[in-house]
Amino acid sequence: MLGALSYMSASSQSIYPAEVERWRALVLEVFPEDEVHDVLSVMECESYGDPSVRYMEEWGQESVGLLQINEGWLTGWGDEEWAVRGHDGQSVNLEDPSTNLRAAAFIRHYERVNEKDDWSQWACQP
């Protein structure tokens with residue numbers, strides 16, 4: 001029996017609670033495979049996998065959803081180029097898990113383009 005366990009791939013074993021692990025397939029649709037661990041790690045810390053979580057920041061902006069996207073990203077923090085928008089140009093529902101993950105991917109792109117540290121926009125780090 002012990003020998004059989006040694007042949008299990010690391011990807012078949014989860015270190016995340018079921019509330020977070022249930023989003024793995026959706027994370028794989030949005031992020032490259034080599035970023036899945038980081039995304040799930042941040043998600044566990046930020047929302048524990050609950051897409052309806054909201055947190056009012058001390059500066060008056062609310063963070064929303066699986067990866068706690070700050071609503072300031074909906075306006076681009078004053079720079080429309082960096083505003084999170086739907087395909088029709090309208091604001092998005094950050095409680096929707098797919099939308100929240102896509103917004104997070106967009107923010108990660110922002111970090112790379114602006115040469116910021118990985119996950120610099122999140123309080124929780126992988």
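All of the numbers you see were taken from the coordinates with simple rules; none came from a lab. Nothing here was measured: the structure is a model prediction, and the numbers come from that model. Cβ: placed from backbone, ideal geometry, glycine included. Neighbour counts: every protein chain shown.
Things to note:
- Amide H to amide H distances under 5 Å link Ile69 with Val64, where only residues 5 or more positions off or on other chains count and H is placed in the peptide plane.
- Cα-Cα pairs of the range 44-126 separated by more than 17 Å (percent): 44 percent
- One chain, two ends: Glu111 and Asp88. Fully extended at 0.36 nm per residue, the span grows by 5.9 nm beyond their Cα-Cα distance.
- Between Thr75 and Ser120, the simple spin-label model (points 7 angstrom out along Cα→Cβ) gives 2.2 nm.
- Modelled this way, with points 7 Å down the Cα-to-C-beta line, the labels at Glu29 and Trp59 are 3.2 nm from one another.
- Remark: relative contact order (the range 34-122) = 18 percent; criterion is Cα-Cα distance under 8 angstrom and separation of 6 or more residues.
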